[in-house]
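Report on one structure; see the data block that follows.
Read-outs: derived from the displayed coordinates by stated rules, not from any lab. Remember, predicted model here, so these are calculated numbers, not experimental data. Because the Cβ atoms are built from the backbone with ideal geometry, glycine has one as well, and the counts that use them run over all protein chains shown.
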Amino acid sequence: MTTETITLESTRFGTLEIPHEAVVEFPNGLIGLGGRRYALLARSEDATFVWLHSLEDPDLALPLTNPWRFFTTFEVELADDEAERIGVEGIDDTAVYVTVRAGEELEDFSANLRAPILIAQGAGHQVINQAPDAPVRAPLFAENAPEVAA
Amino acid sequence: MLIITRRPGEKVMLGDDVVIEVIEVSGSSVRIGIDAPRSVPVYREELWRAVKDENEAAAKAKADLPQDLPVKQ
């Protein structure tokens, strides 16, 4: 079995060889940002932040996180027409991520719970979460944030 | 920007596939109906803008994000 890789050019991380399985196609791009081909990069299995990195623009990459890691009661609720559009039945086989706005201090880090990114079988969609209490800027570390350990 | 006057029940076509219909005008509110192919996402502009802003802000993150953070309980 050959493990073919593709080359990803990144201004942040240099030139990376990534497996095909890491590629995610976004038929509609990210909301307001566009881009169709991205790759999901993680330093390790349990990394707090993973990167959604454009395969088309070396500058374009967004940190994502698993929302349940920080928000245990997080829920995704899709409007019927959107669920139909992206063809997602349940989220059992779907990975759910939220974008992360990084800040100088940990207190300034937030996640967008309103527009999660769903990834299944190599296809990704950024959707509008209809669940109540899903702000666009939910602080990741509310108070007593620990020191940054970069 | 193209500006056209329509009455309730009248429609505007965007290309061959997207139909925008004025349903009802009431005071300062206008109800519109949008008929678009399933592949075309439709957003309220203010929400679209808020998400776009967050995506752009996220894309400004530097490569050295903190690792192995303790998780908020």
In region A:1-59, which GluC sites (Glu not before Pro) are in a loop and have at most 10 other Cβ atoms within 10 Å, using DSSP for the loop call? A:4, A:45
Backbone N under 14 Å from the residue A:47 label point (7 Å along Cα→Cβ), restricted to region A:62-100: A:62-66, A:100
Treating only Lys and Arg (+1) and Asp and Glu (-1) as charged, each at its beta carbon, one finds that region A:65-132 has a dipole about its Cα centre, in Debye to the nearest 20, of 160 debye
Show me, for region A:19-35, the HN-Hα J-couplings you get by feeding each phi into the Karplus relation (A = 6.51, B = -1.76, C = 1.60, θ = phi - 60°), rounded to Hz, glycine and proline as x. x, 4, 4, 7, 7, 10, 8, 10, x, 10, x, 8, 4, x, 10, x, x
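In which sequence would A:20, A:53 go, from the one with the fewest C-beta neighbours within 10 Å to the one with the most?
Details: A:20 11, A:53 27.
Listing A:20, A:53 from fewest to most nearby Cβ atoms yields A:20, A:53.
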Where in chain B is the longest stretch that carries no trypsin sites (Lys or Arg not before Pro) classed as loop by DSSP and with at most 14 other Cβ atoms within 10 Å? B:7-37
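Using +1 on the beta carbon of Lys and Arg, -1 on that of Asp and Glu, and nothing else charged, what's the dipole of region B:1-53 about the Cα centre, debye to 20? Could the numbers behind the result be given before it?
Values: 8 positive and 9 negative charges, 20 e Å.
Charge dipole of region B:1-53: 100 debye, to the nearest 20.
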Write out the chymotrypsin sites (Phe, Trp or Tyr not before Pro) in region A:1-86 meeting two conditions: DSSP loop, and at most 14 other Cβ atoms within 10 Å of their Cβ. A:13
What's the FRET efficiency of residue A:130 with residue A:105 using the Cβ-Cβ distance as r and R₀ = 35 Å, to the nearest 0.05? 0.65
Starting from region A:81-140, pick out the GluC sites (Glu not before Pro) whose DSSP state is loop and whose Cβ has at most 11 other Cβ atoms within 10 Å. A:89, A:104, A:105
Taking neighbour Cβ counts within 10 Å as the exposure measure, how do A:10, B:29, A:110 sort from fewest upward? B:29, A:10, A:110
Radius 13 Å from Cβ of residue B:50, net charge of other residues (Lys, Arg +1; Asp, Glu -1): +1
From the square roots a ≥ b ≥ c of the eigenvalues of the alpha-carbon gyration tensor of chain A, which class results: rounded (a/c under 1.5), prolate (a/b over b/c), or oblate? oblate
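Of all alpha-carbon pairs in chain B, indicate the percentage at a distance above 15 angstrom.
Details: 1921 of 2628 pairs.
When all Cα pairs of chain B are counted, 73 percent exceed 15 Å.
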